[in-house]
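Asker: One structure follows; several queries about it will come next.
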């Protein structure tokens, strides 16, 4: 009975990723976009009119990853101007860095924004409490995947914990609904200082599709400094892993 199971495991191949610093995703993955202006920008204007989150702008020509749903419709509508690469290195300590402009070849992480105590205290171990502030469970599922057999982020000392009192920081997913604004504050207060704050997913970064909803209350962000912005709809596990490793000083290669 064991031989058929061994055959199945062999057919699956080597799923475990030996080094999370050296990962290349499939060419089909939609990551960092590249923008190319042309004399005729009519296709870009048409694509911008289609964008449900207003992530794409024709004048000036920019694409805000903090709002982007990575649906790819803009690239289909304006293929000469917009192309999504498989670059998952799109996390940053700066919200402004998520706005991609023509000629940009990377999303700048801005290491100068990282507080000195973060790599010193959390470089070898970081426990995080994830709060779904009105999320749809898509980003949450990808965060769960960071601990599976493929990625095994726990070997780098980064894990999720059930209690904020056992955590070193908070990962917020979802657009922050009115119903979750107070529970989010309660959870954040329960985490011992110093602590880190991460916004994960397009909804967390900007409100996403629900940014204009009356059910959303994002005033909480006005009084809290975000240490890491992680775009994506949902955020790919490698985007989260790469961003966190950069934040805590564990990233070896770009």
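The values are calculated or read from the model by the stated rules, or taken from the named source; none is laboratory data. Since we're looking at a predicted model, the values are computed, not measured. Glycine gets a Cβ as well: all are built from the backbone with ideal geometry, and neighbour counts include every protein chain shown.
Asker: What's the total number of residues in segment 137-175 that are over 28 Å from residue 23 (Cα atoms), more than 16 Å from the chain's Cα centre (by Cα) and surrounded by 16 or more Cβ atoms within 10 Å (Cβ to Cβ)?
Answerer: Adding up the residues that qualify gives 1.
Asker: Among the numbered criteria (1) within 30 Å of residue 171 (Cα to Cα); (2) modelled with pLDDT of 95 or more; (3) touching a helix residue (DSSP H, G or I) at 6+ places or on another chain (Cβ under 6 Å), which single criterion is violated by residue 81?
Answerer: (1)
Asker: Just name the residue that is surrounded by the most Cβ atoms within 10 Å (Cβ to Cβ) out of those in segment 179-206 that are out of contact with any helix residue (DSSP H, G or I) (no Cβ under 6 Å at 6 or more places or on another chain), without any contact (Cβ under 8 Å) to a residue 40 or more places away in the chain and not in a helix (DSSP H, G or I).
Answerer: This residue is 195.
Asker: Sort out which residues of segment 207-246 are in contact with a helix residue (DSSP H, G or I) (Cβ under 6 Å, 6 or more places away or on another chain) and either in a helix (DSSP H, G or I) or within 20 Å of residue 119 (Cβ to Cβ) (or both), and write them in order of number.
Answerer: 208, 220, 228, 229, 230, 237, 241
Asker: For the subset of segment 58-68 comprising residues that are free of Cβ contacts under 8 Å to residues at least 40 places away in the same chain and closer than 10 Å to residue 99 by Cα, which member is surrounded by the most Cβ atoms within 10 Å (Cβ to Cβ)?
Answerer: 63
Asker: Quick check on my filter: what residues within segment 107-129 are in contact (Cβ under 8 Å) with a residue 24 or more places away in the chain and not in a helix (DSSP H, G or I)?
Answerer: Once the filter is applied, which keeps residues that are in contact (Cβ under 8 Å) with a residue 24 or more places away in the chain and not in a helix (DSSP H, G or I), segment 107-129 yields 107, 109, 114, 115, 123, 124, 125, 126, 127, 128, 129.
Asker: Return the only residue of 204, 167, 233 being touching a strand residue (DSSP E or B) at 6+ places or on another chain (Cβ under 9 Å), modelled with pLDDT of 95 or more and within 22 Å of residue 68 (Cβ to Cβ).
Answerer: On the way: 167 fails: within 22 Å of residue 68 (Cβ to Cβ); 233 fails: touching a strand residue (DSSP E or B) at 6+ places or on another chain (Cβ under 9 Å).
Answer to the selection: 204.
Asker: What number goes with the only condition from (1) touching a residue at least 60 places away in the same chain (Cβ under 8 Å); (2) in contact with a strand residue (DSSP E or B) (Cβ under 7 Å, 6 or more places away or on another chain); (3) over 14 Å from residue 129 (Cβ atoms); (4) not in a helix (DSSP H, G or I) that residue 175 does not pass?
Answerer: Of (1) touching a residue at least 60 places away in the same chain (Cβ under 8 Å); (2) in contact with a strand residue (DSSP E or B) (Cβ under 7 Å, 6 or more places away or on another chain); (3) over 14 Å from residue 129 (Cβ atoms); (4) not in a helix (DSSP H, G or I), only one is false for residue 175: (1).
Asker: Restrict the check to segment 10-27 and report whether at least one residue is out of contact with any strand residue (DSSP E or B) (no Cβ under 7 Å at 6 or more places or on another chain), farther than 30 Å from residue 252 by Cβ and assigned to a helix (DSSP H, G or I).
Answerer: yes
Asker: Looking at the structure I just gave you, is residue 134 buried (at least 20 other Cβ atoms within 10 Å of the Cβ) and either on the phi > 0 side of the Ramachandran plot or in contact (Cβ under 8 Å) with a residue 60 or more places away in the chain (or both)?
Answerer: Values: buried (at least 20 other Cβ atoms within 10 Å of the Cβ): yes; either on the phi > 0 side of the Ramachandran plot or in contact (Cβ under 8 Å) with a residue 60 or more places away in the chain (or both): yes.
For residue 134, the condition - buried (at least 20 other Cβ atoms within 10 Å of the Cβ) and either on the phi > 0 side of the Ramachandran plot or in contact (Cβ under 8 Å) with a residue 60 or more places away in the chain (or both) - is met.
Asker: Among (1) closer than 20 Å to residue 146 by Cβ; (2) surrounded by 10 or more Cβ atoms within 10 Å (Cβ to Cβ), which single condition is residue 19 missing?
Answerer: It fails just one condition, (2).
Asker: Quick one: in segment 72-98, of everything that is in a loop (DSSP other than H, G, I, E, B) and without any contact (Cβ under 8 Å) to a residue 60 or more places away in the chain, which residue is nearest to residue 251 (Cα to Cα)?
Answerer: 87
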